[in-house]
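Notes for the one structure printed next.
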Amino acid sequence: KQPCLTFRAEMCPPLNLSYLTPQQQGEVHRHCEPIVRSEQGDLPPGAGFCAPRLAERPNPCFEEDGATYCLPKFFILGEMKCGTTTLYQLLAKHPRIALPLTKEPRFLMRGRHEDTTVSRYAVEFESAVSRPDAITFDASPVHLSSPVAPTWLRQFLPQARLIVLVRDPIQRAYSHYKMGHEWFESKADCGFEAAVGMGLDSAPEPLSAADE
């Protein structure tokens, strides 16, 4: 039983996961499941990181077994279609910003958190390791609705700054609709033309007023 959260655990999932076949991905998930479950389920209450934090770093960086690992100084909480991408692009122009490997790591998103070790999450911020004066961040627009994020951030990164972007709800909903519609229409096997091409014979029976 590990009494603290270590960056030296096996990296799950591996970096090459997207290049594996579905069968290989299934094998990886079966291999990683007990590793991630042990990391997230066996910690005693109030546990922190095994490694000491480096005091001179602006980010929460830790040194463990001679290696340095950094995590975000601040989190952009979202919500979707509220300007998170615009803020990310503006921050990217600042000389003291070290961008994450992925714009939206989504480590604390339900479904992904259960498959990911903190050692894999730390890979996203390796750009900050070699830049002691740089600041890095996480711009995943999933934290407000995540059941994992509040507890995890409070326990492991209590000093992290949180930025919440909001927007007129009607404009946000319409923007979200347009994004989904454009994505749907961009797929060769989706969209209005594809539905028409399937023929009316394959269309389901219309709902009754009561069912609708």
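The values are calculated or read from the model by the stated rules, or taken from the named source; none is laboratory data. Since the structure is predicted, the reported quantities are computational estimates derived from the model, not experimental observations. Glycine also receives a Cβ, built like all others from the backbone with ideal geometry; neighbour counts cover every protein chain displayed. These accessible areas exclude ligands, DNA and RNA; they are computed on the full protein's heavy atoms, side chains included. Shrake-Rupley method; radii C 1.70, N 1.55, O 1.52, S 1.80 Å.
Quick notes on this one:
- Any hit, region 112-133, residues being over 26 Å from C4 (Cα atoms) and either buried (at least 16 other Cβ atoms within 10 Å of the Cβ) or in contact (Cβ under 8 Å) with a residue 12 or more places away in the chain (or both): yes
- Residues of region 159-172 that are without any contact (Cβ under 8 Å) to a residue 12 or more places away in the chain and either open to solvent by 80 Å² or more (accessible area, probe 1.4 Å) or in a helix (DSSP H, G or I) (or both): P169, I170, Q171.
- For region 34-81, residues that are charged (D, E, K, R), assigned to a loop (DSSP other than H, G, I, E, B) and either closer than 15 Å to A9 by Cβ or open to solvent by less than 10 Å² (accessible area, probe 1.4 Å) (or both) total 2.
- Which numbered condition L99 misses (of (1) among the aliphatic types (A, V, I, L, M); (2) open to solvent by 40 Å² or more (accessible area, probe 1.4 Å); (3) assigned to a helix (DSSP H, G or I); (4) at pLDDT 95 or above): (3)
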